[in-house]
Amino acid sequence: MLDAVIDAIDGRMISIDGHWLADFASCNYLGFDLDEEIIASIPEMIDKWGTHPSWSRLLGSPALYEEIEHRTADLLGCEDTLVLPTITHIHMSVISLLAGSGTLFLDSRAHKTIYDGAQFARHHGATIKRFRHDDPQNLEQLLRADTGSPRLICMDGVNSMTGNAPDIRKFARLAREYDALLYVDDAHGFGVIGERSDEESSPYGMRGNSIVRHYGESYDNVILVGGFSKSYSSLLAFITCPTRLKSMLKVAAPPYLYSGPSPIASLATVLAGFDVNDQRGDTIRADLHRKTGRVLEALSELEISTPNQSGLPIIEIPLSKHEDIDEVGRFLFDRGIYTTIAAYPLVPKAEVGFRIQVTAANDDEQISKLIEVLTDLSTKFRLQTASTMAHWWEGNKVTHPVGR
Ligand SMILES: Cc1ncc(COP(=O)(O)O)c(C=O)c1O
């Protein structure tokens, strides 16, 4: 279940050495990787622009970039955006520029790529202070006691393991009150959650325009980072920024100056993805919500615990005995279910387990098969119960991201 060579795909089925499995490890939440309209958009763009621009963005960018940056800003409702190939490029360059020689307040469970960006910032003179995961009170204590300037608060939006999200309103308020900038990585929320509306097709909200809009927040003192490599199935990432900050990043962020850009096929699929999102996105999200609900309901009936309290399509199932993970992985593989294995030391022993991701491209037959396999798995292996998961709630104060 790790480092697999996948020799073919058929929808959300994958073949490994001729063995077919239902893929529940994909981050292509909206199924855009398989969408015919999006696939069909690529050849025309390649005819026009070739396969790859090759200039660093400082030298020049195809006009497609301007269009993408404008459309991203329109969707998110922010002043401006800058796009670079990946979120990792953004964290490794922008975090140190924003933190300068001031203080960086880092959520203790921030994604590894944020953590690495923070380490880089430390080498450039920033002081790092870690606050307890999703704990605004602890953050406030640190902010109150700190005299550094500038101040940057770095954290995730939708968490890549628990599928939960922090209540961003509390952190944005602290950022404004303590003259700090809140920097949020919503790699997994962008495309899935969005602005709330009485007409919304599911509690995920509308338009998939990410966590800031989901909570009805503004971009004052808030920087949002997200990527097109998950919901939009492409290779590109964005950072929201006032135009003045964008101008600074264009001369100071090394990936803008020196890195190669995304291939034309990726730019084409982002643009076609915007069209599909406008036309069918909310219907797709309603379907994703329904399918995820089927899995969560089955887990609840089987009394299998998961940290997921949000209803979002990231469902981790921790084991009681971390030593079982190899056997659990083999069981899932043999039964034709592919998931992400979270083994020690990638995660602490108490959190070893596997992560199911549901996408709109998983069909109902695959979901039924998943539920059948989980039912059998729960009779053969000890999974965590509500009481053994208590530590999750201590270290992982979760809020419900889809509540009003
Ligand atoms: C929260 C989060 N941030 C960043 C990344 C990395 O994104 P990218 O591949 O665009 O660098 C991931 C990838 O899984 C992620 O889950």
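For the range 133-148: of the residues being open to solvent by 30 Å² or more (accessible area, probe 1.4 Å), touching a residue at least 24 places away in the same chain (Cβ under 8 Å) and out of contact with any strand residue (DSSP E or B) (no Cβ under 8 Å at 6 or more places or on another chain), which is farthest from the ligand (Cβ to nearest atom)? The extreme case among them is Arg144.
Scanning the range 346-399 for residues that are over 17 Å from Arg335 (Cβ atoms), at pLDDT 85 or above and in contact with a helix residue (DSSP H, G or I) (Cβ under 8 Å, 6 or more places away or on another chain) yields Lys349, Ala350, Glu351, Val352, Val358, Thr359, Ala360, Ala361, Asp364, Arg382. Only residues that are buried (at least 19 other Cβ atoms within 10 Å of the Cβ) and in a loop (DSSP other than H, G, I, E, B) were counted in the range 98-108, giving 1. Summed over the range 310-343, residues that are buried (at least 17 other Cβ atoms within 10 Å of the Cβ) and charged (D, E, K, R) total 2. Taking the listed residues Arg213, Arg244, the one that is under 17 Å from the mean Cα position of the chain (by Cα), of a type outside the set (S, T, N, Q) and open to solvent by 10 Å² or more (accessible area, probe 1.4 Å) is Arg213, with no other qualifying. Taking the listed residues Asp107, Asp116, Asp80, the one that is under 15 Å from Val225 (Cβ atoms), within 14 Å of the ligand (Cβ to nearest atom) and in contact (Cβ under 8 Å) with a residue 40 or more places away in the chain is Asp107, with no other qualifying. Within the range 296-309, is even one residue assigned to a helix (DSSP H, G or I) and under 16 Å from Asn164 (Cα atoms)? Yes, that holds for at least one residue. Restricted to the range 344-366, and to residues there that are in contact (Cβ under 8 Å) with a residue 60 or more places away in the chain and surrounded by fewer than 20 Cβ atoms within 10 Å (Cβ to Cβ), the residue that is farthest from the chain's Cα centre (by Cα) is Asp364.
Name the single residue, out of those in the range 192-212 being out of contact with any strand residue (DSSP E or B) (no Cβ under 8 Å at 6 or more places or on another chain) and under 18 Å from Asp287 (Cβ atoms), that is farthest from the ligand (Cβ to nearest atom).
Pass one, the range 192-212, residues out of contact with any strand residue (DSSP E or B) (no Cβ under 8 Å at 6 or more places or on another chain): 192, 198, 201-203.
In the following step, the residues that additionally are under 18 Å from Asp287 (Cβ atoms) were identified as 192, 201-203.
Values: Val192: 13, Ser201: 25, Ser202: 22, Pro203: 22 Å.
Filtering first and then ranking leaves Ser201.
Do you know which of the residues in the range 171-188 that are in a helix (DSSP H, G or I) and open to solvent by 30 Å² or more (accessible area, probe 1.4 Å) is nearest to Gly208 (Cα to Cα)? Among those that are in a helix (DSSP H, G or I) and open to solvent by 30 Å² or more (accessible area, probe 1.4 Å), it is Arg173. If you go through the range 159-170 and keep only what is more than 16 Å from the ligand (Cβ to nearest atom) and either touching a Leu at 6+ places or on another chain (Cβ under 7 Å) or open to solvent by 40 Å² or more (accessible area, probe 1.4 Å) (or both), you end up with Arg169, Lys170. Scanning the range 310-348 for residues that are part of a loop (DSSP other than H, G, I, E, B) and closer than 22 Å to Cys27 by Cβ turns up Ser310, Gly311, Leu312, Pro313, Gly336, Thr339, Ala343, Leu346, Val347.
Pairs are defined by a Cβ separation below 7 Å, a sequence spacing of at least 6 or placement on different chains, a first member in the range 186-202 that is on the phi > 0 side of the Ramachandran plot, and a second member that is outside any strand (DSSP E or B) and within 13 Å of the ligand (Cβ to nearest atom); the pairs so defined are Gly191/Tyr29; Gly191/Lys230; Gly191/Ser231; Gly191/Tyr232.
Tell me which strands (runs of 3 or more DSSP E) are completely within the range 1-97 and hold 1 or more residues being open to solvent by 30 Å² or more (accessible area, probe 1.4 Å) and modelled with pLDDT of 95 or more, or say none if there are none. Explain how you work it out, then say what you get.
On the way: elements: 8-10, 13-16, 19-23, 81-84.
Ranges flagged: 8-10, 13-16, 19-23.
Just give me the residues in the range 213-258 being in a loop (DSSP other than H, G, I, E, B), in contact with a helix residue (DSSP H, G or I) (Cβ under 6 Å, 6 or more places away or on another chain), within 15 Å of the ligand (Cβ to nearest atom) and not small (Gly, Ala, Ser), in sequence order. Result: Phe228, Tyr232, Leu235, Leu236.
The values are calculated or read from the model by the stated rules, or taken from the named source; none is laboratory data. Just so you know, these numbers come straight off a predicted model, no measurement behind them. Neighbour counts are summed over all protein chains in view; Cβ atoms, including those assigned to glycine, are modelled from backbone coordinates with ideal geometry. Ligands, DNA and RNA are stripped out before the accessible areas are found, and what is left, the full protein with its side chains, is counted by its heavy atoms. Shrake-Rupley method; radii C 1.70, N 1.55, O 1.52, S 1.80 Å.
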